[in-house]
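One structure, pasted below without further comment.
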Amino acid sequence: MTTTTGPHPTRRLILQGAASVALLGLGNLPFGAMSALAAANDKYPDEAFKLKNEADAIKALYGKAAEPSDKVKLDAPEIAENGGVVPISVTTTLDKVASISFFVAENPFALAASYRIPDGTIPSVANRLKMAKTTNVTAIVEADGKLYSATKEVKVTVGGCGG
Amino acid sequence: MASSIRVRATANGDITEVQALIQHPMDTGLVKDSKGEVIPAHFIQQLKFECNGKDVFVADWGTAVSKDPYVKFSFKGAKKGDELKISWTDNKGGSDTTTAKIA
């Protein structure tokens with residue numbers, strides 16, 4: 001799944017360089033370096049998907065925290081009758097968007113989906129997520145190296161555990 | 001076997017809108033069946049869209065994506081008749097690929 005000619009060759013090189021320096025310098029990889037590695041590669045961010053807590057998952061995926069921004073528009077229903085299929089979409093007016101991720105705070109695993117947005121792709125994604133119960137949904141947009149977020153509460157009347 | 005991926009890609013000027021629907025159980029590994037046995041996790045991990053030799057959209061998914069996932073996005077730089085290649089891989093090593101012509 002790794003392509004050598006990615007959309008941001010320089011960015012990737014720099015990040016990979018940084019990650020390998022971290023690898024050399026430290027016997028045990030701390031969290032931050034691991035996420036830099038995950039973000040740099042085209043690899044599936046396995047670790048981030050296994051974390052239960054939203055803040056931990058954000059940290060594992062991006063290595064930093066996000067700040068709320070009104071430039072991130074999160075569209076989610078106020079009440080979801082079926083938690084198994086909740087339509088969620090996000091659009092942003094921010095420039096240089098590299099990725100968009102969705103977190104569902106009360107789910108067994110907070111990270112739901114993460115989308116990479118190469119150059120030329122419009123920073124707008126719609127998808128459908130499962131929600132175990134009434135929960136906050138957070139969308140995080142990575143733009144120009146910074147993280148911006150929007151959060152909305154979705155009331156779930158029937159949980160999504162059944163799929 | 002029919003493809004698990006259904007795609008509609010329509011070009012409108014410079015912008016191509018893509019909608020994809022994939023047939024996949026997306027089992028979380030947390031649900032029990034009627035006999036009380038846990039249904040093992042089975043979900044798509046990565047979904048990739050390529051156009052003209054370039055990745056235009058890459059999705060990394062966890063178990064919280066709904067069964068038979070749907071996704072919509074738009075990208076620039078393609079025209080009518082260009083081919084869009086869609087492929088996914090799941091946590092059990094399963095995969096599927098299809099191509100669609102941009103209409």
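Nothing in this text is a laboratory measurement; each read-out follows from the coordinates by a stated rule. Bear in mind that the values here come from a model prediction, so they are computed numbers and not experimental data. Every residue, glycine as well, gets a Cβ built from its backbone with ideal geometry; the counts of neighbours run over all protein chains shown.
Sort B:33, B:96, A:46 by Cβ crowding within 10 Å, fewest neighbours at the top.
Values: B:33 8, B:96 18, A:46 13.
Least to most surrounded, the residues fall as B:33, A:46, B:96.
Can you give the average number of partner chain beta-carbon atoms within 10 Å of each beta-carbon in peptide B:24-37, as a whole number? Don't skip to the answer; put the middle values down first.
On the way: counts 0, 1, 3, 1, 9, 1, 6, 3, 1, 0, 0, 0, 0, 0.
Rounded to a whole number, the mean comes out at 2.
Using every Cα-Cα pair within the range B:5-101, state what percent have a distance larger than 16 Å.
Values: 2636 of 4656 pairs.
Here the tail beyond 16 Å accounts for 57 percent of pairs.
Cα-Cα over 24 Å: which of A:146/B:92; A:152/B:54; B:32/B:92; A:50/B:85?
Beyond 24 Å: A:146/B:92; A:152/B:54; A:50/B:85.
Ranking B:47, B:21 by Cβ neighbours within 10 Å, fewest first, what do you get? Working shown, then result.
Numbers: B:47 25, B:21 15.
Taking fewest neighbouring Cβ atoms as first place, the list is B:21, B:47.
Compute the Cα gyration tensor for the range A:74-115, then decide on rounded, prolate or oblate, letting a ≥ b ≥ c be the square roots of its eigenvalues: rounded whenever a/c is under 1.5, prolate when a/b is larger than b/c in the other cases, and oblate in all that remain. Write down the numbers at each step before the final one.
Numbers: a/c = 3.05, a/b = 1.56, b/c = 1.96.
Because a/c hits 1.5 or more and a/b fails to exceed b/c, the range A:74-115 counts as oblate.
Okay, next question. Please check which bits of the range A:90-118 a label hung off residue B:38 would reach, taking the label as a point 7 Å along Cα-to-C-beta and the cut-off as backbone N under 18 Å.
Only A:107-110 pass the distance filter.
Return the Rg/Rh ratio of the range B:12-51 with Cα-based radii and a Kirkwood Rh.
On the way: Rg = 16.7 Å, Rh = 13.2 Å.
A ratio of 1.26.
Given R₀ = 30 Å, what would the calculated FRET efficiency be for residue B:15 paired with residue A:146, taking r from the Cβ atoms and rounding to 0.05? It would help to have the intermediate numbers written out before the result.
On the way: r = 26 Å, r/R0 = 0.85.
In this case the efficiency is close to 0.70.
When N is the residue count of the range A:65-156, what does its C-alpha Rg come to as a fraction of 2.2 N^0.38 Å? The partial results should precede the final answer.
Numbers: Rg = 12.5 Å, N = 92, 2.2 N^0.38 = 12.3 Å.
Rg over 2.2 N^0.38 Å, computed on Cα atoms: 1.02.
How well do other chains shield peptide A:100-111, expressed as the mean number of their Cβ atoms within 10 Å of each residue Cβ? Intermediate values should be presented prior to the final figure.
Values: counts 2, 1, 4, 1, 2, 0, 0, 5, 6, 5, 2, 5.
Average per residue, whole number: 3.
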